[in-house]
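**Student:** Let me give you the structure first, and then I'll get to my questions.
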Amino acid sequence: VKVITIDPVVNADFLFNRKGLGLAKKLSFINKTSDSAFRNWHGGKIDMLFVDGVHSYDGVMGDIGTWGSFLKQGGIVAIHDIFLHGNTIGKAVQDLVNTHRIKPIKTVDDTWKDEKRIGMFIGEFHGY
């Protein structure tokens, strides 16, 4: 398995843990925005897309719209923080489900630091 993470912010803890756990060859970090990384992507098709970027309706729809072209049919889509940010992320998930682009598999209702309800949606990608 090869995992590629994309984030415009360098997380020193992530890099330290990746090295300490011996995952540097399996877990790559691209220090760019999602759009910038997409424009330079040459890695082929992907099996799973985890969306936890720009926390807005347009951010989620943009990530699905761009990275969806590389996601294998039937691939897994996970979208984080679906109950936060005025539920705009949850609205994007509902629109993706209602237009049959993503088939729901599971919604995880969880909290952050036992205070904020955040949630995770997991689905199967069916394209456009």
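**Student:** If amide hydrogens are placed 1.01 Å from N in the peptide plane, which non-local residues have theirs closer than 5 Å to the one on GLY75?
**Tutor:** Here the answer is PHE125, since their amide H atoms fall under 5 Å of that of GLY75.
**Student:** Next up: Placing +1 on the Cβ of each Lys and Arg and -1 on the Cβ of each Asp and Glu in the chain, which of GLN73, VAL10, THR99 has its Cα farthest towards the positive end of the resulting dipole?
**Tutor:** Selected residue: GLN73.
**Student:** Where Rh is the Kirkwood radius over the Cα pairs of segment 63-128, the temperature 10 °C and the viscosity 1.306 mPa s, what D in µm²/s does Stokes-Einstein return?
**Tutor:** On the way: Rh = 12.2 Å.
It comes out at roughly 131 µm²/s.
**Student:** Considering the chain as a Gaussian network with a 10 Å cut-off on Cα pairs, which listed residue, HIS80, HIS55, HIS42, attains the greatest mean-square fluctuation?
**Tutor:** It is HIS42.
**Student:** Could you give the distance between the Cα centres of segment 1-18 and segment 21-36, to the whole Å?
**Tutor:** 5 Å
**Student:** Could you work out which residue, out of LYS26, LYS113, LYS72, moves most in a Gaussian network model of the chain, that is, has the largest mean-square fluctuation with Cα springs under 10 Å?
**Tutor:** Largest GNM mean-square fluctuation: LYS113.
**Student:** Shifting gears a bit: For the ranges 85-98, 8-21, what's the packing order if you count other beta-carbon atoms within 10 Å of each residue, average per peptide, and put the highest first?
**Tutor:** Working: 85-98: 17.4, 8-21: 11.1.
Sorting 85-98, 8-21 by mean packing, highest first, produces 85-98, 8-21.
**Student:** If you roll a 1.4 Å probe over the chain with all protein chains in place, what percent of the accessible area is carbon or sulfur?
**Tutor:** C and S fraction of accessible area: 57 percent.
**Student:** Moving on to the next point. Give me the dipole magnitude in Debye, nearest 20, for the chain about the Cα centre, with unit charges on the beta carbon: positive for Lys and Arg, negative for Asp and Glu. Let's see the in-between values first.
**Tutor:** Values: 16 positive and 14 negative charges, 113 e Å.
Rounded to the nearest 20 debye, it is 540 debye.
**Student:** Still on this structure, please answer the following. Using just the Cα positions, wrap segment 52-101 in a convex hull and report its mean projected area in square nanometres, one decimal place.
**Tutor:** On the way: hull surface 12.8 nm².
The Cα convex hull of segment 52-101, projected and averaged over all directions, gives 3.2 nm².
**Student:** Per residue, how many Å² of accessible area does segment 13-58 show with a 1.4 Å probe?
**Tutor:** Numbers: 3450 Å² over 46 residues.
Per residue, segment 13-58 has 75 Å² of solvent-accessible surface.
**Student:** Give the Debye-formula value of log10 I(q)/I(0) at each listed q (0.20 Å⁻¹), with one equal scatterer per alpha carbon of segment 1-125, two decimals each.
**Tutor:** -1.26
**Student:** Using a Förster distance of 35 Å, how high is the FRET efficiency between LYS45 and ALA12, based on the Cβ-Cβ distance and rounded to 0.05? Intermediate results must be reported in sequence, preceding the final value.
**Tutor:** Values: r = 31 Å, r/R0 = 0.89.
With a Förster radius of 35 Å, E is 0.65.
**Student:** In whole Hz, what ³J(HN,Hα) sequence does segment 73-87 give by Karplus (6.51, -1.76, 1.60; θ = phi - 60°), x for Gly and Pro?
**Tutor:** Running phi through 6.51 cos²θ - 1.76 cosθ + 1.60 with θ = phi - 60° gives 4, x, x, 9, 10, 10, 10, 8, 6, 6, 9, 9, 6, x, 6 Hz.
**Student:** Could you sort out which of LYS45/LYS116; LYS19/LYS103; LYS32/LYS91; LYS45/LYS113; LYS26/LYS91; LYS32/LYS103 sit more than 32 Å apart by Cα distance in this structure?
**Tutor:** Numbers: LYS45/LYS116 35 Å; LYS19/LYS103 36 Å; LYS32/LYS91 26 Å; LYS45/LYS113 35 Å; LYS26/LYS91 34 Å; LYS32/LYS103 29 Å.
Checking Cα-Cα distances, LYS45/LYS116; LYS19/LYS103; LYS45/LYS113; LYS26/LYS91 exceed 32 Å.
The values are calculated or read from the model by the stated rules, or taken from the named source; none is laboratory data. The shown structure was predicted, so the numbers you read here are calculated from the model rather than taken from an experiment. Counting neighbours? That spans all protein chains shown, and the Cβs are built from the backbone with ideal geometry, glycine included. We work out accessible area using only protein heavy atoms, side chains counted, and drop any ligands, DNA or RNA first. Shrake-Rupley method; radii C 1.70, N 1.55, O 1.52, S 1.80 Å.
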